[in-house]
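The values are calculated or read from the model by the stated rules, or taken from the named source; none is laboratory data. Just so we're clear, the structure is a prediction, and the values are computed from it rather than from any experiment. Here the Cβ is made from the backbone with ideal geometry for all residues, glycine too, and neighbour counts use every protein chain on show.
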Amino acid sequence: MDIKSILEQYIRKAVKQKYDVELEKVHLEHPENEKWGDYATNVAMELAKAVKQNPIEIAKSICYEIRGYELSITEIDKKYKIFEEVNFVQPGFINFKLSQEWLFSVLYLILADPEDYGSSELVNKKRVALEHSNVNPNKAAHIGHLRNACLGQFLERTYEFLGYHVEVQYYTNDLGVQVATSSMGIEKLQDIKPSGYKKYDHYAWDVYSKMESYINENDDLKKERENLMHKLEDSTSTESIKQKELAQKILAEQLKTFQNLGVDYDVIIYESDIVALKMWEKAFEKLKQNENVYYAAEGKSAGCWLVKVSNSAKGKEESEESKNTKENKNEEIEEDKIIVRANGIPTYTGKDIAYHMWKFGLIGIDFGYKKAEFGTQSKDLWLTTSKGDGQKNISFSGVDIVLNVIGGEQTYAMEVVKKSLEYLGFKEESQNMTHINYGFVYLSPKTAQNLGIDTSDGKEKYGMSGRKGWGIKIDDFIELVDEKLMSDHGEFESLKDVRNGAVKFEMLKFNTFQDIVFDLDNALNVKGFSGPYIQYTYARTNSVLERTNWMFDKSLIGYHLDIMKNSNINDKEVSVLRSLYKFPEIVARSAMEFAPNILCNYLYDLCQRYNTFYNELSILNAPDEFSKEFRLMLTSSINRVLSNGLFLLGITAPRKM
RNA sequence: GCUCCCGUAGCUCAGUAGGAUAGAGCAGUUCCCUUCUAAGGAAAAGGUCGGGUGUUCGAAUCACCCCGGGAGCGCCA
């Protein structure tokens, strides 16, 4: 049992004993200031009202009760205390300070099984479908997609680490307007040549934004694109085939970008296959029969099929005023969501419902699958196919949990999909589907200006836009980081690892749900709170360890604990220990909250503590044998925890820097 | 018009299941390499937590109202 649960148990017991109250939950936190202790609880203050007593009195009484319990761990038949002290303090906190012995024993826990420290193994591996990246196959990926992919890879690795079986899906809309626009542009804009670009998707980036602006200004071109879209409905038409080829060509380039970052996938889902296999038709059969899905015979959405979104139960007692505004609104905005257009073609949201029914295995059909031959990743990458030539012994359908790393602008569509699943009676599936709605990546005015964006309007941030051709391509960003690292440090072996560390950490260190303002100069400065800082600390521990032939010996635990009991170790050493034991809870929390920044912050703090220690105390020339042994164990533990932590962030720990 | 998100140091951001003195990094000012990696460490400086009112033992965190920024509400995807 972990320390937190043990503590919780003791607190419950004491409260029950003293006040005959069964606590619903025990609030435990790490005090801000470590001199107060390692854990603190506010139960006394929470109880104050119920038991009508001064919080400090309650804290005192609970504290004395807990002090009377035997709080110990047993190693080799000997008992060692867990807490150094248990105190109460104004205004009513109870503080628990972990003992040196207990803190030290964590090193044994880490070193005995380093790969698994912080992980957990579930007996029934739940299958997770994780959808991320999803760049439209008509242009190069930019740093907004980068944030998506990094977040996706973080989730892939942490959920695997926590015992889930994760399958990564990359959805590619090979039949959409965006590809149609690019495809028209390639034909018409002959003055832009692919040979002028380092990658085909970079060429497509320019073609797309230029074509898009032409189409916006020209009704004939608009019509032409509509006609093309119409032809694409038939998956066997020459237009469809041509378009799919173009999409595939660009997809291959995008995958090269992600390969360079070390991000890989299990399966590519082609939208054209969803269409060709008539998954939508299957889903629609079920949807049509539902009372919350209806055909609009008249009104502004006449001829369409809609899913009910508006809450009819809500507006029982509406004021005149709100009724009026509602009527006004009705003229402009359809409250329910159209899933089939009047011309009979499903909308994107409609197709997405079908796609999600497939994910959960609710649609009765599956894709065929064939192995991809892009050569962009070492593990198998599968492509969906609509033909019967696919592998039969593999399926990505029928998962337990769905995680979608998709931008916030699609929140509404995702809600409709969830709601539709619920309407169809798949309540559990609906609840097991989570939209990880990460924040937008904006450009700082300075960075925007450098890209040639007009910043005379003086905004504080500028959104990227594929349509306008505004944005920093991932490939270009990577190249700039490479150049910066080489100009600072010359060429070195681990350049690619360090560059990926810099790039990925930069994307993961912020709160997932917060919009971020990307400033290139800032991102290129990889000092301080950055990936390379963590990697550097790792390499530093490696360097120390490589200088000795020291080996961890777990049989020494009793002997060491006895020494630890009676010796005063340095504050700087204790400080590292006080952070090390938190790793498992940090991993669990950052996974459950989809918050890599929690792990980033933790690893940074851990490194700071270690570096402070490193700077002040000598490891290899420690004053006595035990100190040296202890400091090597500490260094080795940091080494293992950092490599585990970096791995979860999708970052390679370089042996040397 | 309606809904949602955001506003914390010069800049970029942590901190929001209410907790103890609001924290980092960058930039700027000082120090520390004859010692295990200076991509490092130490110190000082930097704040009306957008504004106001309220809830309570306690508010950056919760509620309400303003102000400022962004996104969504497509027969686009």
Q: Within the range A:492-536, work out how many residues are crowded, with 16+ Cβ neighbours inside 10 Å and part of a helix (DSSP H, G or I).
A: 23
Q.
Step by step: first the residues of the range A:612-628, then only those that are touching a helix residue (DSSP H, G or I) at 6+ places or on another chain (Cβ under 6 Å) and in contact (Cβ under 8 Å) with a residue 60 or more places away in the chain, then the one that is nearest to RNA strand B (Cβ to nearest atom). Which residue is that?
A. A:Ile619
Q.
Looking at A:Ser195, A:Ser213, A:Ser183 in this structure, which one is loosely packed, with under 13 Cβ neighbours inside 10 Å and polar (S, T, N, Q)?
A. A:Ser195
Q.
farther than 28 Å from A:Gly463 by Cα, near RNA strand B (Cβ under 9 Å from one of its atoms) and either crowded, with 23+ Cβ neighbours inside 10 Å or in contact (Cβ under 8 Å) with a residue 60 or more places away in the chain (or both): is that true of A:Phe552 in this structure?
A. no
Q) Do you know which of the residues in the range A:442-466 that are aliphatic (A, V, I, L, M) and under 27 Å from the mean Cα position of the chain (by Cα) is surrounded by the most Cβ atoms within 10 Å (Cβ to Cβ)? A) A:Leu443
Q: Considering only the range A:356-408, state which residues are aliphatic (A, V, I, L, M) and outside any loop (DSSP other than H, G, I, E, B).
A: A:Met357, A:Leu383, A:Ile401, A:Val402, A:Leu403, A:Val405
Q) Which of the following residues is of a type in the set (A, V, I, L, M, F, W, C), surrounded by fewer than 21 Cβ atoms within 10 Å (Cβ to Cβ) and free of Cβ contacts under 8 Å to residues at least 24 places away in the same chain: A:Leu122, A:Leu109? A) A:Leu109
Q) With the range A:229-315 as the region, which strands (runs of 3 or more DSSP E) entirely inside it contain at least 3 residues that are of a type in the set (Val, Ile, Thr) and modelled with pLDDT of 95 or more? A) A:267-270
Q) Is at least one residue of the range A:475-491 of a type in the set (D, E, K, R) and either more than 19 Å from A:Val526 (Cα to Cα) or assigned to a loop (DSSP other than H, G, I, E, B) (or both)? A) yes
(Q) Looking at the range A:7-37 only, could you name the residues that are without any contact (Cβ under 8 Å) to a residue 24 or more places away in the chain and in a helix (DSSP H, G or I)? (A) A:Glu8, A:Gln9, A:Arg12, A:Lys16, A:Lys35
(Q) Which condition from (1) touching an Asp or Glu at 6+ places or on another chain (Cβ under 8 Å); (2) aliphatic (A, V, I, L, M); (3) closer than 20 Å to A:Val168 by Cβ is the one that A:Leu232 breaks? (A) (3)
Q. How about the range A:505-536: which of its residues are near RNA strand B (Cβ under 7 Å from one of its atoms) and either basic (Lys, Arg) or within 17 Å of A:Ser494 (Cα to Cα) (or both)?
A. A:Lys509, A:Val526, A:Lys527, A:Ser530, A:Pro532, A:Tyr533, A:Tyr536
Q.
Out of the residues in the range A:471-488 meeting the condition of being away from RNA strand B (no atom under 11 Å from the Cβ) and in contact (Cβ under 8 Å) with a residue 40 or more places away in the chain, tell me which one is farthest from the chain's Cα centre (by Cα).
A. A:Leu480
Q | Residues located in the range A:378-391, provided they are exposed (fewer than 15 other Cβ atoms within 10 Å of the Cβ) and either out of contact with any strand residue (DSSP E or B) (no Cβ under 8 Å at 6 or more places or on another chain) or among the hydrophobic types (A, V, I, L, M, F, W, C) (or both) | A | A:Ser378, A:Lys379
Q. Any idea which of A:Gly425, A:Gly439 is loosely packed, with under 14 Cβ neighbours inside 10 Å and not in a helix (DSSP H, G or I)?
A. A:Gly425
Q.
Can you find, within the range A:68-79, the residue that is nearest to A:Lys13 (Cα to Cα) among those that are touching a Phe, Trp or Tyr at 6+ places or on another chain (Cβ under 9 Å) and surrounded by 13 or more Cβ atoms within 10 Å (Cβ to Cβ)?
A. A:Tyr69
Q. For the range A:340-377, which residues satisfy the criterion of being away from RNA strand B (no atom under 16 Å from the Cβ) and touching a strand residue (DSSP E or B) at 6+ places or on another chain (Cβ under 8 Å)?
A. A:Lys359, A:Phe360, A:Phe367, A:Gly368, A:Tyr369, A:Lys370, A:Lys371, A:Ala372
**Q.** Restricting the range A:11-47 to residues that are more than 8 Å from RNA strand B (Cβ to nearest atom) and of a type in the set (Asp, Glu), the residue that is farthest from A:Leu103 (Cα to Cα)
**A.** A:Asp20
Q) Name the residues in the range A:92-109 that are in a helix (DSSP H, G or I) and over 17 Å from A:Asp38 (Cβ atoms), would you? A) A:Tyr108
